[in-house]
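> First the structure, then my questions, so here it is.
The values are calculated or read from the model by the stated rules, or taken from the named source; none is laboratory data. Since the structure is predicted, the reported quantities are computational estimates derived from the model, not experimental observations. Cβ placement follows ideal geometry from the backbone for every residue including glycine, while neighbour counts extend to all protein chains displayed.
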Amino acid sequence: MALTQKVKTLIEEFIDSDTLQAVDTFTSGDDNSSGTVNKIAEMFGYAGSFSDENEEKLSQSFKKNLKLLIEKTWVEKSDIALKEQILYQLDNLLGESDWKKAYAEFLCILSDAVYLMFGQQTKSEDFGEYSLRIDPGFGIFWWYIQSLPATAEWPVEKCRNAVLLGMYFLANY
């Protein structure tokens, strides 16, 4: 995602240049080192080595929190089917533990869920700035998600880390 100067300046108010570099290196290159992954995890409030995170517990917390958020979000009648679709996809996410498949599904679920919460605003160019201003933590999370490529020809472990990092934020949001 190309950052506008305004969004970059806002992000730099909340995260340091090393973290900004870690996200850029992780999302645009081949780096999947524990140092880079841990730096991104720290951005979301994680302390310790992220590779030690219990996948099953994290996945369940993520699903529970996102499901609750989606169920409690009031939607227009025209979006009820999308809400039900997201809940169905969420229940089936990681059913086979195929991290490459889960990566694309995860991004799709998040995109749809954020749309349900914020509506057409998510389609505007200034949504990144808007999200940083209303909730810096969520804005930084959304910036991370938008920085990820829509499809990744990454190794399984890197797809796993990308998904788990996003799950960690939402499991604790």
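> Taking segment 47-68, which residues are of a type outside the set (Asp, Glu), closer than 26 Å to Asn92 by Cα and touching a helix residue (DSSP H, G or I) at 6+ places or on another chain (Cβ under 7 Å)?
Applying the first criterion (of a type outside the set (Asp, Glu)) to segment 47-68 yields 47-51, 54, 57-68.
Now narrow it down to the ones that are closer than 26 Å to Asn92 by Cα: 50-51, 54, 57-68.
Phe50, Ser51, Leu58, Ser59, Ser61, Phe62, Lys63, Asn65, Leu66, Lys67 - these are the residues of segment 47-68 that are of a type outside the set (Asp, Glu), closer than 26 Å to Asn92 by Cα and touching a helix residue (DSSP H, G or I) at 6+ places or on another chain (Cβ under 7 Å).
> Separate question: Any chance segment 16-36 includes a residue that's farther than 29 Å from Glu125 by Cβ and either modelled with pLDDT of 95 or more or β-branched (Val, Ile, Thr) (or both)? Even if it seems obvious, please write down each step before you answer.
Just the residues of segment 16-36 that are farther than 29 Å from Glu125 by Cβ, to begin with: 30, 32-35.
Remaining after also requiring either modelled with pLDDT of 95 or more or β-branched (Val, Ile, Thr) (or both): none.
Scanning segment 16-36 turns up no residue that is farther than 29 Å from Glu125 by Cβ and either modelled with pLDDT of 95 or more or β-branched (Val, Ile, Thr) (or both).
> Let me ask something additional. Go through segment 17-44 and give me each residue that's under 23 Å from Tyr130 (Cβ atoms) and not in a helix (DSSP H, G or I).
Residue satisfying the conditions is Phe44 alone.
> OK, next. Let me confirm something: among Leu110, Leu90, which residue is modelled with pLDDT of 95 or more, on the phi < 0 side of the Ramachandran plot and of a type outside the set (Val, Ile, Thr)?
Working: Leu90 fails: modelled with pLDDT of 95 or more.
The unique qualifying residue is Leu110.
> If you check Thr73 against the conditions, is it in contact with a helix residue (DSSP H, G or I) (Cβ under 6 Å, 6 or more places away or on another chain), of a type in the set (Val, Ile, Thr), modelled with pLDDT under 95 and under 27 Å from Glu153 (Cβ atoms)? It would help to see each step written out before you state the result.
Details: in contact with a helix residue (DSSP H, G or I) (Cβ under 6 Å, 6 or more places away or on another chain): yes; of a type in the set (Val, Ile, Thr): yes; modelled with pLDDT under 95: yes; under 27 Å from Glu153 (Cβ atoms): no.
It is false that Thr73 is in contact with a helix residue (DSSP H, G or I) (Cβ under 6 Å, 6 or more places away or on another chain), of a type in the set (Val, Ile, Thr), modelled with pLDDT under 95 and under 27 Å from Glu153 (Cβ atoms).
> Among the helices (runs of 4 or more DSSP H) confined wholly to segment 51-154, which include 2 or more residues that are exposed (fewer than 13 other Cβ atoms within 10 Å of the Cβ)? Don't jump to the end; show me each part of the working.
Numbers: elements: 55-72, 80-92, 99-118, 127-134, 136-147.
In segment 51-154, 55-72, 80-92, 127-134 are the helices (runs of 4 or more DSSP H) which contain 2 or more residues that are exposed (fewer than 13 other Cβ atoms within 10 Å of the Cβ).
> To continue, here is another question. Note down all Cβ pairs under 6 Å where the first residue falls in segment 26-37 and is under 11 Å from Ala162 (Cα atoms), the second is part of a loop (DSSP other than H, G, I, E, B), and they're at least six residues apart or on different chains.
Qualifying pairs under 6 Å: Thr27/Leu148.
> Looking at segment 102-142, which of its residues are of a type in the set (S, T, N, Q) and closer than 21 Å to Lys6 by Cβ?
Applying the first criterion (of a type in the set (S, T, N, Q)) to segment 102-142 yields 111, 120-122, 124, 131.
Listed by number, the residues that qualify are Gln120, Gln121, Thr122, Ser124, Ser131.
> Okay, next question. List every residue pair whose Cβ atoms sit under 8 Å apart, with the two residues 6 or more apart in sequence or on different chains, where the first one lies in segment 108-129 and is in contact (Cβ under 8 Å) with a residue 12 or more places away in the chain and under 15 Å from Tyr144 (Cβ atoms) and the second, anywhere, is aromatic (Phe, Trp, Tyr) and in a helix (DSSP H, G or I).
Val114/Trp142; Phe127/Phe118; Phe127/Trp142; Gly128/Trp142; Gly128/Trp143
> Kindly list the number of the only condition in (1) out of contact with any helix residue (DSSP H, G or I) (no Cβ under 6 Å at 6 or more places or on another chain); (2) within 21 Å of Val156 (Cα to Cα); (3) surrounded by 15 or more Cβ atoms within 10 Å (Cβ to Cβ) that fails for Leu20.
(2)
> Ok, one more. Which of the numbered conditions does Gly45 fail, given that it passes all the others? Conditions: (1) modelled with pLDDT under 95; (2) within 15 Å of the chain's Cα centre (by Cα); (3) surrounded by 14 or more Cβ atoms within 10 Å (Cβ to Cβ).
For Gly45, the failing item is (3).
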